[in-house]
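In what follows, a single structure is set out as structure tokens and then discussed.
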Amino acid sequence: MRNGALPKILFVFYLVVLMLPIYWLIKMSLQSNTDIMSGLTLFPRNPTFEKYLEIFNDPTWVHAFGVSLSYVAINTVISVAVALPAAYAFNRYYFIGDKHLFFWLLTNLMAPAAVFAMPFFQLYYAIGLFDSIWAVVLAHCLFNVPLAVWILEGFVGGVPREIDETAAIDGYTFPSFFIRIFLPLIANGIGVTAFFCFMFSWVEQLLATTLTSTHALPFAAVMTRAYSVSGMDWSLLAAAGVLTMIPGAFVIWFVRNHIAKGFALGRV
Amino acid sequence: MTSITLDRIAHSYGGKPRLESDYQLKPIQHVWEQGFAYALLGPSGCGKTTLLNIISGLVIPSEGRLLFGDKDVTHLPTEQRNIAQVFQFPVIYDTMTVAENLAFPLKNRRLAKPVIDRRVAEIAKMLDLTADLNRRARGLTADAKQKISLGRGLVRSDVSAVLFDEPLTVIDPALKWELRSKLKSVHRALDLLMIYVTHDQTEALTFADKVVVMNDGRAVQIGAPADLFYRPEHTFVGYFIGSPGMNFMPAGVKGNRAEVAGFEVRLGEIYGDLSSDQSVQLGVRPEFVSVTSGPGLPAQVRRVVDLGRKRLAHVLLGNHPLVVRIPREMEGVGDVVNISIDPANTHVYVADVRVQGRAP
Amino acid sequence: MIDKPVNNRAWFFVLPVLGVVLFSSIIPVMTVVNYSVQDTMGANSFFWNGDQWFRDLLNPATTIGARFNDALFRTLGFSLACLLIEVPLGIALALCAPRKGWAVGISLVIIALPMLIPWNVVGTIWQIFTREDIGLFGAALVGIGLHYNVTQEPISAWMTIVVIDVWHWTPLVILLSYAGLRAIPDAYYQAARIDGASRWAVFFNIELPKLQKVLVIAVLLRFMQTFMIYTEPFVVTGGGPGSATTFLSIDLDKIALGQVDLGNAAAMSLVYYLITLTVCWIFFTIMTQLERRGDV
């Protein structure tokens, strides 16, 4: 909220610098491989969409994109749904072990994927979920559920307790109150939480590739295939990379107002 | 110490208002006199907060001039206007102690430390904050925090007006009365111009010397609390002030008589022949309609309401509903009783505006 | 001031969360613990090794100990460097970001873009971007005369990973700070104007205190993520040159999968995990202290 031209200039400068690597990727996706390797150019000489067409026409790519979108979407829904009652409980009640439970949840948020990759591999193999989207859905719950609880708890705290009490006096049953009155009040928070869950699941690669092999290969794993024997297909990689940015961009566009409305994750 | 003048101030958020309904604040001409306590009273959306924001500088009016004394401050930024403002919720600096909070405006103006300390002690004493001066402001109750907010405004000796935007909203009901009395005693001690926005008539009528009643962007009546009660100039004032509000009945008025539902009501003043005007209404407060054992107008009691301090009867005069003040013992739902309407406190309204008659 | 009722039936509300996370967390951890106290001669024959793995690990004199030590300090240094850049930068940019109008939506999308890219793609982008022959970054740095070579110069590699992380994750700090700033009611700014406060005074007395909670979260998340960083350095430098950018996660991965040294890897995993737990506990305590100080 500084006034004057300087903040605006700095901000725009930052946006430009931020976009440079992304622009580079887009540029490369529109060039052929020979074009890329032939030297440094700021603009593609003969822009072509052939790599995009290649991806769209290849069932492996398309299937992989669907797989990625599926497990991310399912994971987001499950994480938010499971976290909502828990966030409510943590904020509104004291119960035995509540602080310890919350702390333990946080530690899972911080769990290094590298530590869990191998055990997960064995676990999901043992229960037959290996190479299915459900393995990834559940594995990503490890960090997304605590994150969702954490964020939502802050938003639940922003709703005055009087509203709960009034609803009780007015004769609402708890489920009815929760769904018809409470949820709309934290719609903002749900939007923000869904965004972060989507984001962290979409970008996580180590677990997603470790737990899948052929049927449920996520998009990024197919990308590593582009590192083929005949040398790097940079152009294809770039096109695939550009495509991976699009779902995320959509999601944040949809929740932009929720973020702009502001949240402090606690009392202001 | 100055007075504040609203010179044809009006505001519309859009660009060019053509109809009256485009205005959030319809043109108003008024002088807020120095040393007085005013209340801006009205329902939500009536424009009182807009008016307050124009005075404080948060909003620049689309029309008109704002004068502090003789100075045109319409476009002057807030920090140069020498006003203080207390908001709906306490606005304090969390990281500072109470003393530091109070000293902050003076520190920013680079006054000498002994001057600052003296002033802070003075204001703290006036607001009963002396005991808490070295406590973190964050840990105090809401009413103490509001006092700190007020104190920050008062600590500057050049402040010419204090603006209150529904300051008791988050205060515990038990403490509201105390804080209100404190505000009044501060007003008397400092003789400052104070403007207090509220939708609660009790707050307004107990705090203010003069009340500006607003509705729908317009200042409907400006007067002392007694005037608003005994002589509402507008049906809205009659309805909004008083609990319950004024009774209104369509009537045909001629001379010193009015015809209501086929019955004749005597009036306290003499009017012209308004019998053909469809918008004529008679207004009388429930406090001035009584049940009598002698002659009167027949009214059927529909409902009796006991409010503790007083009892009210909802009656029907012909087919016009009226609310009547009744004594403690009276019952009789369904009965027909005689009511008497006090002519001295009966007013005539044409198109919602009061008409003054001749004295008899 | 806060009077939460005690209600142990609330446990029903948290059961789903508990179940899901338990499944994902306890069982794998048990596996790791299991491995960390056993030795294997290959092909499923295990025998008890006690705490030997741990002793070796934490003793800088052993090869495994030295390696762990190096990786640990390397990672801590990296975390610190990233935090020192990203937090002030993120806050500053959040202060400059637009508040009203069409620019808000566009800005938020652009800001968030780096975070929405799968991490291996981030690695790939920078793999190309840092090459002096086909990448703008590499070409520019070499062009102004620096000895920049990601695959061969340790300093280049280090600096590059830091730049990548700053590019990738400053947006998180920006978004959190921005949201925190937008939650501050206008009345505070209005009051500060009336009080004659300077822009710096507004920042230190109003904005920064009100950002405390989001900043604690931002710092915690960023510390943890930098501490666990894996994909980006793996893709861009492979951990090299030499071991210049071999951070803890990469080292762990090499030991576990590369050398099939499950015991060492498991022990290392647990120590790694314990470190993150400790840091987490510290932040948790800070957070609850902040929470408590905000009450009457």
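The values are calculated or read from the model by the stated rules, or taken from the named source; none is laboratory data. As the structure is a computational prediction, the values presented were derived from the model and not from experiment. In this analysis, Cβ positions are derived from the backbone assuming ideal geometry, glycine residues included, and neighbour counts consider all displayed protein chains. When the accessible area is computed, the model is the full protein with side chains, heavy atoms only, and any ligands, DNA or RNA have been set aside. Shrake-Rupley method; radii C 1.70, N 1.55, O 1.52, S 1.80 Å.
Selection of the stretch B:337-359 for residues being small (Gly, Ala, Ser) and closer than 15 Å to B:VAL253 by Cα yields B:ALA351, B:GLY357. Only one entry of C:THR130, C:THR151, C:THR124 meets the criterion of being more than 8 Å from chain A (Cβ to nearest Cβ) and crowded, with 20+ Cβ neighbours inside 10 Å, and that entry is C:THR130.
Considering only residues in the stretch C:271-282 that are at the interface with chain A (Cβ under 8 Å from one of its Cβ atoms) and open to solvent by 10 Å² or more (accessible area, probe 1.4 Å), the one that is nearest to A:THR107 (Cα to Cα) turns out to be C:LEU277.
Could you list all residues from the stretch C:20-33 that are in contact (Cβ under 8 Å) with a residue 40 or more places away in the chain and more than 7 Å from chain A (Cβ to nearest Cβ)?
C:VAL29, C:VAL33 - these are the residues of the stretch C:20-33 that are in contact (Cβ under 8 Å) with a residue 40 or more places away in the chain and more than 7 Å from chain A (Cβ to nearest Cβ).
Inside the stretch B:82-102, residues that are more than 11 Å from C:ASP195 (Cα to Cα) and part of a helix (DSSP H, G or I) make up a count of 3. One residue alone among C:LEU83, C:LEU93, C:LEU113, C:LEU76 is facing chain A (nearest Cβ under 10 Å) and either surrounded by fewer than 21 Cβ atoms within 10 Å (Cβ to Cβ) or acidic (Asp, Glu) (or both), and that residue is C:LEU113.
Take the conditions (1) more than 9 Å from chain A (Cβ to nearest Cβ); (2) among the aliphatic types (A, V, I, L, M); (3) more than 24 Å from A:ALA114 (Cα to Cα); C:ILE184 misses just one of them, which is (1).
For the stretch B:51-99, a tally of residues being farther than 30 Å from C:GLN212 by Cα, crowded, with 21+ Cβ neighbours inside 10 Å and more than 26 Å from the chain's Cα centre (by Cα) returns 0.
Among the residues of the stretch A:99-108, is there at least one that is of a type in the set (Lys, Arg) and farther than 22 Å from C:PHE283 by Cα? No; the residues of the stretch A:99-108 include none that is of a type in the set (Lys, Arg) and farther than 22 Å from C:PHE283 by Cα.
Listed here are the residues, each with its yes/no results for (1) among the hydroxyl-bearing types (Ser, Thr, Tyr); (2) outside any helix (DSSP H, G or I); (3) within 8 Å of chain C (Cβ to nearest Cβ).
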| site | (1), (2), (3) |
| --- | --- |
| A:PHE196 | no, no, no |
| A:MET199 | no, no, yes |
| A:ALA208 | no, no, no |
| A:THR214 | yes, yes, no |
| A:VAL222 | no, no, no |
| A:VAL242 | no, no, no |
| A:ILE246 | no, no, no |
| A:ILE252 | no, no, yes |
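Scanning the stretch A:79-117 for residues that are open to solvent by 50 Å² or more (accessible area, probe 1.4 Å) and either part of a helix (DSSP H, G or I) or not assigned by TED's automatic domain parsing to the domain that holds A:ASN188 (or both) gives A:ALA81, A:LYS99, A:HIS100, A:TRP104. With respect to (1) in contact with a Leu (Cβ under 9 Å, 6 or more places away or on another chain); (2) more than 9 Å from chain A (Cβ to nearest Cβ); (3) surrounded by fewer than 19 Cβ atoms within 10 Å (Cβ to Cβ); (4) among the small types (Gly, Ala, Ser), the lone exception for C:ALA139 is condition (2).
Of the set (1) touching a Leu at 6+ places or on another chain (Cβ under 8 Å); (2) modelled with pLDDT of 80 or more, all apply to C:MET268 but (2). Could you tell me whether any residue of the stretch C:96-116 is of a type in the set (D, E, K, R) and touching a residue at least 40 places away in the same chain (Cβ under 8 Å)? Yes, the stretch C:96-116 contains a residue that is of a type in the set (D, E, K, R) and touching a residue at least 40 places away in the same chain (Cβ under 8 Å).
Being open to solvent by less than 20 Å² (accessible area, probe 1.4 Å), in contact (Cβ under 8 Å) with a residue 40 or more places away in the chain, farther than 30 Å from C:THR75 by Cα and facing chain A (nearest Cβ under 10 Å) is a property that C:LEU175 lacks.
Residue count for the stretch B:132-175 satisfying the condition of being open to solvent by less than 50 Å² (accessible area, probe 1.4 Å), away from chain C (no Cβ under 12 Å) and among the small types (Gly, Ala, Ser): 1. Scanning the stretch C:8-19 for residues that are at the interface with chain A (Cβ under 7 Å from one of its Cβ atoms) and open to solvent by 30 Å² or more (accessible area, probe 1.4 Å) yields C:ASN8, C:TRP11, C:PHE13, C:PRO16. Screening A:SER68 with (1) within 8 Å of chain C (Cβ to nearest Cβ); (2) under 27 Å from C:ARG222 (Cβ atoms); (3) assigned to a helix (DSSP H, G or I); (4) not β-branched (Val, Ile, Thr) gives one miss only, at (1).
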